[in-house]
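First the structure, which I've put down as structure tokens, then a few questions once you've had a look.
The values are calculated or read from the model by the stated rules, or taken from the named source; none is laboratory data. Since this is a predicted model, take the numbers as computed values, not measurements. Here Cβ is always computed from backbone atoms with ideal geometry, including for glycine, and neighbour counts include all displayed protein chains.
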């Protein structure tokens, strides 16, 4: 399947956003095999928790917008792979934060990586620079043009262009990964609430539920990152990565209910539905509110639920040697079990 | 220039040289006269408002007014103090032939 | 009431007006240039000083686009326009922008190659040169900071000519293209503001003007003209058209380069006579870093912007210089002529992305200045942190907000634009105003966007293209 020739993974690795959803999964996956896992985290508490994972984990507390913190992060990391996973998807106060962290942070990380003569930088992007597919059968490919969805999409678009610029400069090697909606262990509270809402039959379908969504299990994304680190021909390219073919929204919710049931949780049979228009109204309100530099998470989520956001992962399979092993049901079950382990009631 | 504006300029000018003080006042006056009318109108409205504020104080307290404006949470009020501070500061430094490079 | 007749009336004598006047006069047309500001002997005023601010700038150099935050702006208002008062930094329109506008606005032959041809000729007429010797210390700060950080910086050429002793003369319009226009027979009416154009049906027939006599009194002047070219800049041109009843596509989509400043204190004295020629281009096209006019008064204003106690730094002003980060902005603004007022209302609404980019610019600028040896940085953020160590720069991210950022610009563009699609612009692909057969615009308001670089070269290049097109049709 794969045409790829691999380089060796670097013995040390730098991870930004290491205490985040993806970062936690990534740190645990790489910690046993690396000499140093240099992690950027926001607080001392995150640092001490992450430090427990393995002796190789070396947390640096700092702000991704702080050039001095990034200098500490990259100290002595010449030649190391960098995974830039720090980003904000739902700003707390003002929309400006999306740009501060997603654009500004990316620029500063690229700059610090270049100065430290790091190895390849794997930049974790998103589907949001590409908006929604025009039809349910359409799939985004690496040839699709940017069409950013609101503030988050615009910030991740600009971040991708900064990565391209850094690559074009000639002294930094980069690979961009574009994961869509992801799920898996170490999920934030909002995802736990989502499980609860689905279980109780309170999470709505928007429209008839035939819109398709690509999803990616965090474990699959970690695998994609590790492939992007070593696949020689990936330098300078961007790749869509997902679990596999996109599923329709109705099947996704059915699978989540099935996973909950298989993990022993009684599930409500009800499936509320909202007219597609509700999603359209939410998108308009979200646009209006964001233009006033404010952000309402529920509106943002509702606005996107009506859309098909689906990608084709053929190129990642060929060029990265990416092969997602975990399917939606298995991945959801492992997320649910992670919630149980943490004592979270679903 | 309104009476209050003249007094604000006098308050903010640090030099004791009457010639320079006069030059600064003329510079500020020229700048205000030359402002876009819509902006000048805004400044005049604020000046009238603050004239009343100052007049009802016993004793009249210009320094207090400027200090209050400097820290006001309302950008429009802060910008009033900043406008006069900027005009006087620039004028005083640039018109003072004895120290300018 | 004085009456004057002309074949072609050109309103404004800056980069656009001077170019238009030269081309049309040399093509044998009877050209009258009307300029609102005075004619000033080149070199007679101290650059960026109070006299220049009072005489050569509109509104004494301080106006503002209203918004949250407002953006202060300055424009020249004298014979030669802003070319008399700017720094003369010269940068051609980036090729990718020309291509983008060509596609977006349907401008068939607006290709980088064609524009380069015009730019070559303009540069030969104006004289564009790099410094003959080493750059001053204030400029080398930028190069040194960039080098320390591994960033690219460029010493930009300027519209300057240098004598054998290396003394530079800025090649303003009053020294270059305007004399060529006068030699070809064009005439000038200075101190004369065009208050409105007289439009009858789909033709402009003349202009009502108000001339300031040398004794300070005013007289009304009526000008009859076969063709009118408005070259008042991105604020004045749309305002004049609106006052004359032409509103379609006029005054919307104003663009600018919002700019945030940082006053940097060094251990050694810095020169203050010139504006730095170096710019840090590492972050192009999103943002550019350069140096500002830094006379003592400017240093004081920049220091005071932070609201910190500046007495000590101000006393040491010879060691302080003002630098800036200017961004390409996603936002747009409006120019709205107000009844009964000469100056229009100008608005500009920065996006969250713009504000973040300004914060990023300040942080990058701060890094470069500290790397170049600056010991203290005063940002133009009300209540912003005075930074002495690299680890403190991170504070500026949260301090740059709508209530506290103190922003300015000297580049305003795009309030009319050219397009083959009427809904996208106020003029056709060569600057002819829609629906008026003999009315044209030829200045910064035609640019498709703020170009991310000093716009004078782009304005003159486009003006030469459009003026020659016009000459071929008259």
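Restricting attention to the range A:105-118, report how many residues are within 7 Å of chain C (Cβ to nearest Cβ) and over 10 Å from residue A:171 (Cα atoms). Write out each step before concluding.
In the first step, residues of the range A:105-118 are kept if they are within 7 Å of chain C (Cβ to nearest Cβ); the result is A:107, A:114-115.
Next, from what is left, pick out any that are over 10 Å from residue A:171 (Cα atoms): A:107.
Matching residues across the range A:105-118 total 1.
Among the residues of the range C:62-69, is any within 10 Å of chain B (Cβ to nearest Cβ), free of Cβ contacts under 8 Å to residues at least 40 places away in the same chain and assigned to a helix (DSSP H, G or I)? Can you show your working first?
First, the residues of the range C:62-69 that are within 10 Å of chain B (Cβ to nearest Cβ): C:62-64, C:66, C:68-69.
From what's left, free of Cβ contacts under 8 Å to residues at least 40 places away in the same chain: C:62.
Applying the additional criterion that residues be assigned to a helix (DSSP H, G or I) yields none.
Checked the range C:62-69: no residue is within 10 Å of chain B (Cβ to nearest Cβ), free of Cβ contacts under 8 Å to residues at least 40 places away in the same chain and assigned to a helix (DSSP H, G or I).
When you go through A:133, A:102 one by one, which is the residue that is in a helix (DSSP H, G or I) and either farther than 14 Å from residue A:71 by Cα or within 9 Å of chain C (Cβ to nearest Cβ) (or both)? Give the derivation first.
Working: A:133 fails: in a helix (DSSP H, G or I).
A:102 is the lone residue from the list that is in a helix (DSSP H, G or I) and either farther than 14 Å from residue A:71 by Cα or within 9 Å of chain C (Cβ to nearest Cβ) (or both).
With respect to residue C:117, is the statement that it is in a helix (DSSP H, G or I) and over 18 Å from the mean Cα position of the chain (by Cα) true? Break it down stepwise before answering.
Values: in a helix (DSSP H, G or I): yes; over 18 Å from the mean Cα position of the chain (by Cα): yes.
Yes: the conditions hold for residue C:117.
Now for a separate question. Among the numbered conditions (1) within 14 Å of chain B (Cβ to nearest Cβ); (2) farther than 20 Å from residue C:367 by Cβ, tell me where residue C:263 comes up short.
With respect to (1) within 14 Å of chain B (Cβ to nearest Cβ); (2) farther than 20 Å from residue C:367 by Cβ, residue C:263 is out only on (2).
Checking the structure you have, find out if any residue of the range C:14-37 is over 21 Å from residue C:119 (Cα atoms), within 12 Å of chain B (Cβ to nearest Cβ) and buried (at least 19 other Cβ atoms within 10 Å of the Cβ). Before the answer, list the steps.
So in the range C:14-37, the residues over 21 Å from residue C:119 (Cα atoms) come out as C:28-37.
Adding the requirement that they be within 12 Å of chain B (Cβ to nearest Cβ) leaves C:37.
Applying the additional criterion that residues be buried (at least 19 other Cβ atoms within 10 Å of the Cβ) yields C:37.
Yes, the conditions are met somewhere in the range C:14-37.
Can you find a residue that is at positive phi and at pLDDT below 90 anywhere in the range A:288-301?
yes
Follow-up question, since we're still on this one. Residue A:104 versus (1) modelled with pLDDT of 95 or more; (2) touching a helix residue (DSSP H, G or I) at 6+ places or on another chain (Cβ under 7 Å); (3) surrounded by fewer than 20 Cβ atoms within 10 Å (Cβ to Cβ): which is the lone unmet condition?
(3)
Moving on to the next point. Scan the range C:318-331 residue by residue and report those that are at pLDDT below 95 and either in contact with a strand residue (DSSP E or B) (Cβ under 9 Å, 6 or more places away or on another chain) or more than 10 Å from every other protein chain (Cβ to nearest Cβ) (or both).
C:331
Just the residues that are under 27 Å from residue A:137 (Cα atoms), in a helix (DSSP H, G or I), at pLDDT below 95 and more than 17 Å from the chain's Cα centre (by Cα), please, taken from the range A:302-346.
Within the range A:302-346, the subset under 27 Å from residue A:137 (Cα atoms) is A:302-332.
With in a helix (DSSP H, G or I) added as a condition, the list becomes A:302-305, A:314-320, A:328-332.
Applying the additional criterion that residues be at pLDDT below 95 yields A:302-305.
Of everything in the range A:302-346, those that are under 27 Å from residue A:137 (Cα atoms), in a helix (DSSP H, G or I), at pLDDT below 95 and more than 17 Å from the chain's Cα centre (by Cα) turn out to be A:302, A:303, A:305.
Condition check ((1) over 17 Å from residue A:17 (Cβ atoms); (2) crowded, with 23+ Cβ neighbours inside 10 Å) across all residues:
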residue: A:152; (1), (2): no, yes
residue: A:231; (1), (2): yes, yes
residue: A:236; (1), (2): yes, no
residue: A:248; (1), (2): yes, no
residue: A:252; (1), (2): yes, no
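While we're on this one: Here are the criteria: (1) more than 29 Å from residue C:345 (Cα to Cα); (2) modelled with pLDDT of 95 or more; (3) surrounded by fewer than 18 Cβ atoms within 10 Å (Cβ to Cβ). Tell me which single one residue C:90 does not satisfy.
Condition (3) is where residue C:90 drops out.
Within the range A:1-18, which residues are crowded, with 24+ Cβ neighbours inside 10 Å and at negative phi? Give the derivation first.
Step one: filter the range A:1-18 for residues crowded, with 24+ Cβ neighbours inside 10 Å, giving A:13-18.
Matches in the range A:1-18: A:13, A:14, A:15, A:16, A:18.
I've got another one for you. If I filter the range C:78-93 for residues that are outside any helix (DSSP H, G or I), within 28 Å of residue C:33 (Cβ to Cβ), within 14 Å of chain B (Cβ to nearest Cβ) and touching a strand residue (DSSP E or B) at 6+ places or on another chain (Cβ under 9 Å), do I get at least one hit?
Looking for residues that are outside any helix (DSSP H, G or I), within 28 Å of residue C:33 (Cβ to Cβ), within 14 Å of chain B (Cβ to nearest Cβ) and touching a strand residue (DSSP E or B) at 6+ places or on another chain (Cβ under 9 Å), one finds at least one in the range C:78-93, hence yes.
Looking at residue C:331, is it outside any helix (DSSP H, G or I), surrounded by 22 or more Cβ atoms within 10 Å (Cβ to Cβ) and touching a residue at least 12 places away in the same chain (Cβ under 8 Å)? Let's see the steps before the verdict.
Working: outside any helix (DSSP H, G or I): yes; surrounded by 22 or more Cβ atoms within 10 Å (Cβ to Cβ): no; touching a residue at least 12 places away in the same chain (Cβ under 8 Å): yes.
So residue C:331 does not fit the description; no.
Can you list the helices (runs of 4 or more DSSP H) lying wholly within chain B that have 1 or more residues being touching a helix residue (DSSP H, G or I) at 6+ places or on another chain (Cβ under 9 Å) and more than 30 Å from residue C:37 (Cα to Cα)? Don't jump to the end; show me each part of the working.
Numbers: elements: B:3-12, B:18-33, B:37-55, B:62-70, B:75-95.
Answer list for chain B: B:3-12, B:37-55, B:62-70, B:75-95.
Being farther than 18 Å from residue B:9 by Cβ and more than 8 Å from every other protein chain (Cβ to nearest Cβ) is the requirement here; does residue B:64 meet it?
no
Considering the range A:105-130 alone, what residues qualify as being part of a loop (DSSP other than H, G, I, E, B) and within 27 Å of residue A:37 (Cα to Cα)? Give the steps one after another, and end with the answer.
Step one: list which residues in the range A:105-130 are part of a loop (DSSP other than H, G, I, E, B), which gives A:116-120, A:125-127.
Answer for the range A:105-130, where residues must be part of a loop (DSSP other than H, G, I, E, B) and within 27 Å of residue A:37 (Cα to Cα): A:116, A:117, A:118, A:119, A:120, A:125, A:126.
Report every pair of residues separated by at least 6 positions or lying on different chains whose Cβ atoms are under 6 Å apart, first residue within the range C:209-234 and more than 23 Å from residue C:344 (Cα to Cα), second outside any strand (DSSP E or B).
C:227/C:438
For the range A:80-99, does any single residue satisfy the condition of being buried (at least 21 other Cβ atoms within 10 Å of the Cβ), more than 11 Å from chain C (Cβ to nearest Cβ) and within 22 Å of residue C:392 (Cβ to Cβ)?
Scanning the range A:80-99, I find at least one residue that is buried (at least 21 other Cβ atoms within 10 Å of the Cβ), more than 11 Å from chain C (Cβ to nearest Cβ) and within 22 Å of residue C:392 (Cβ to Cβ), so the answer is yes.
Tell me whether the range B:19-38 contains one or more residues that are within 14 Å of chain C (Cβ to nearest Cβ), free of Cβ contacts under 8 Å to residues at least 40 places away in the same chain, touching a strand residue (DSSP E or B) at 6+ places or on another chain (Cβ under 7 Å) and on the phi < 0 side of the Ramachandran plot.
Within the range B:19-38 (the criterion being within 14 Å of chain C (Cβ to nearest Cβ), free of Cβ contacts under 8 Å to residues at least 40 places away in the same chain, touching a strand residue (DSSP E or B) at 6+ places or on another chain (Cβ under 7 Å) and on the phi < 0 side of the Ramachandran plot), the answer is yes, since at least one residue qualifies.
Let me ask you something else. As an exercise: evaluate residue A:243 against (1) buried (at least 18 other Cβ atoms within 10 Å of the Cβ); (2) within 24 Å of the chain's Cα centre (by Cα); (3) farther than 30 Å from residue A:32 by Cα and give the number of the one condition it does not meet.
Failed condition: (3).
Among the listed residues C:338, C:365, which satisfies the condition of being within 30 Å of residue C:232 (Cβ to Cβ) and either touching a helix residue (DSSP H, G or I) at 6+ places or on another chain (Cβ under 7 Å) or assigned to a helix (DSSP H, G or I) (or both)?
On the way: C:365 fails: within 30 Å of residue C:232 (Cβ to Cβ).
None of the others qualify; the one that does is C:338.
Would you be able to tell me the number of residues in the range A:68-79 that are under 19 Å from residue A:23 (Cβ atoms) and within 14 Å of another protein chain (Cβ to nearest Cβ)?
We begin by selecting, within the range A:68-79, every residue under 19 Å from residue A:23 (Cβ atoms); these are A:69-70, A:72-74, A:77.
Subsequent filtering for residues that are within 14 Å of another protein chain (Cβ to nearest Cβ) retains A:69-70, A:72-74.
Residues in the range A:68-79 being under 19 Å from residue A:23 (Cβ atoms) and within 14 Å of another protein chain (Cβ to nearest Cβ): 5 in total.
Among (1) surrounded by 24 or more Cβ atoms within 10 Å (Cβ to Cβ); (2) away from chain A (no Cβ under 14 Å); (3) more than 30 Å from residue A:150 (Cβ to Cβ), which single condition is residue C:369 missing?
(2)
In the range A:158-236, which strands (runs of 3 or more DSSP E) lie fully inside it and hold 1 or more residues that are closer than 21 Å to residue A:119 by Cβ and at pLDDT 95 or above? Steps first, answer last, please.
On the way: elements: A:174-178, A:181-183, A:215-217.
Hits in the range A:158-236: A:174-178.
Just to be sure, is residue A:268 in contact with a helix residue (DSSP H, G or I) (Cβ under 8 Å, 6 or more places away or on another chain), in a loop (DSSP other than H, G, I, E, B) and loosely packed, with under 15 Cβ neighbours inside 10 Å?
Yes; evaluated as a whole, the condition is true for this residue.
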